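One structure is given below, encoded as structure tokens.
The values are calculated or read from the model by the stated rules, or taken from the named source; none is laboratory data. Keep in mind that this is a model prediction, so the values were computed, not measured. Quick reminder, even Gly has a Cβ in these numbers, built from the backbone with ideal geometry, and neighbours come from all protein chains shown. These area figures cover heavy atoms from the full protein model, side chains too; ligands, DNA and RNA do not enter into them. Shrake-Rupley method; radii C 1.70, N 1.55, O 1.52, S 1.80 Å.
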Amino acid sequence: MTLNDYQKKAMSTCMPSCNNFSYMMLNLVGEVGEFASKVAKAIRKDQLGIHKEELAVKESGKELFQDMDAELMAEAGDILWQLSGLCSVMGWPLDEVAEANLDKLAS
């Protein structure tokens with residue numbers, strides 16, 4: 001599946017009242033916040049930590065992490081949906097956004 005295919009399929013689920021810049025931009029920030037909050041709570045509960053710039057599962061969180069991994073992946077999917085929506089309302093195909101980003105990083 002290409003990013004443009006994803007964007008088209010994802011936006012087929014978008015309600016008309018959500019198909020605008022304000023909703024997409026503000027909810028994208030909210031979804032990123034939900035992802036960060038799940039990680040922060042696990043760190044607070046001493047189930048996760050950050051070691052050498054990577055997320056590390058602590059012994060107390062090993063059982064939890066399997067469930068949390070699925071939750072974080074679901075949140076990442078929500079972030080992708082919102083980013084797709086924001087790009088759609090801006091008139092930007094996701095393939096072009098990704099390619100432009102890779103070009104910027106290469107320079």
Is there a residue being modelled with pLDDT of 95 or more, open to solvent by less than 60 Å² (accessible area, probe 1.4 Å) and part of a loop (DSSP other than H, G, I, E, B) anywhere in the range 6-24? yes
Single residue of the range 66-98 satisfying the filter (over 20 Å from residue 9 (Cα atoms) and surrounded by fewer than 17 Cβ atoms within 10 Å (Cβ to Cβ)) that is modelled with the lowest pLDDT: 66
